[in-house]
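Data first, discussion second: the structure below is written as structure tokens.
Laboratory data are not the source of any read-out in this text; all were calculated from the coordinates shown. Bear in mind that the values here come from a model prediction, so they are computed numbers and not experimental data. Note that each Cβ is placed from the backbone with ideal geometry, even for glycine, and that neighbours are counted across all protein chains shown.
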Amino acid sequence: MRVSFIILVLFILKVFAYEVHNGETFVLSVPKGTKIYKKNKELSLVQNPVKSDEKLLILPVGYRDEIRDIVLTKKYNNKTKSIVISVKRGNYKKERLKVAKNKVNPPKKLLDKIYKDYKLVQSIYKKQTLKPYFSKSFILPLDSKITSRFGNARVFNETLKSYHSGVDFRASVGTPIRASNDGIVVLVKEMYYTGKSIIIDHGGGIFSSYSHLNRANVKVGDFIKRGEIIAHSGVSGRITGPHLHYTITINSKKVNPILFTKSINSFLRLN
């Protein structure tokens, strides 16, 4: 009875309520011509590549974002409605890993390179292309067992260092890695923590990255098609064994790749 009453109140007040966990992606379809604001700032909407009369709000909720309500204002046909997104904390686990000591606390002589690599990657994520390069649903780069899930706290050699910003797929050295969707290669580089890595810009503010590779088959500037073999897995970077580390970054925020794929794909299918 109480739930029904709350729904009735929200309907009367023209408020749409949703729930999302930190590290997830909120996707909402709206008619073309809609404007959405957050604290009087208009948010960018992405053209749905499979529906010409529809745009998508693709809103990442970062792992470290504040646990609170996000209030948006939607304007369409001279009508104004509120959208309330209640952010909840995800149930993330802790995992303990043993790696070489220099991978926990890297040598001082490498700190400058590590910092420059970090700044380079962040600058790539800030150069967003609003127009989507993709026209089909996203796929995962491997059909393999997930050995480490998004959001797990990473304890390296009994020292809490980070959270897991992507998912790890089991992959022996040399396993073919496929692009999760169409896009442009914006990075192919060997880095200290992630080893040989590739980043693809899919447009719409969405980037996928593939790390700990053995060999890359692409170069910066290449236009890649969904399912194309872009690399082979390896053991490069901070790693306990061969696998693929796969991430999705939206508006500079890393989100759960598995849940992102489910969320976005529900809007990329023709009825």
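For the chain, count the residues as N, evaluate 2.2 N^0.38 Å, and divide the Cα radius of gyration by that value, please.
Details: Rg = 20.0 Å, N = 271, 2.2 N^0.38 = 18.5 Å.
Against the compact-globule rule of thumb, the ratio is 1.08.
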Under a point-charge model restricted to the Cβ atoms of Lys and Arg (+1) and Asp and Glu (-1), what is the dipole moment magnitude of the chain relative to its Cα centre, in debye to the nearest 20?
-> 520
Computed over the range 140-271, Cα set: Rg, Dmax in Å = 14.3, 51
Residues whose built amide H sits under 5 Å from the amide H of His21, excluding neighbours closer than 5 in sequence, are Lys88
Candidates Ser29, Ser211, Ser123: whichever shows maximal mean-square fluctuation once the chain is modelled as a Gaussian network with Cα springs under 10 Å = Ser123
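Would you mind calculating the relative contact order of the chain from Cα pairs under 8 angstrom and at least 6 residues apart, reporting the percent as a whole number? All intermediate terms of the calculation are to be shown ahead of the outcome.
Numbers: 634 pairs, mean separation 53.3, N = 271.
Answer for the chain is 20 percent.
Per DSSP H run of at least 4 residues, take -39500 (n - 2.57); add these up for the chain, divide by its residues and hand me the 222 nm value, nearest 500 deg cm²/dmol. The partial results should precede the final answer.
On the way: 4 runs with 40 residues, N = 271.
Rounded to the nearest 500, the figure is -4500 deg cm²/dmol.
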Just tell me the longest site-free run in the chain, where the sites are GluC sites (Glu not before Pro) in a DSSP loop having at most 12 other beta-carbon atoms within 10 Å.
-> 159-271
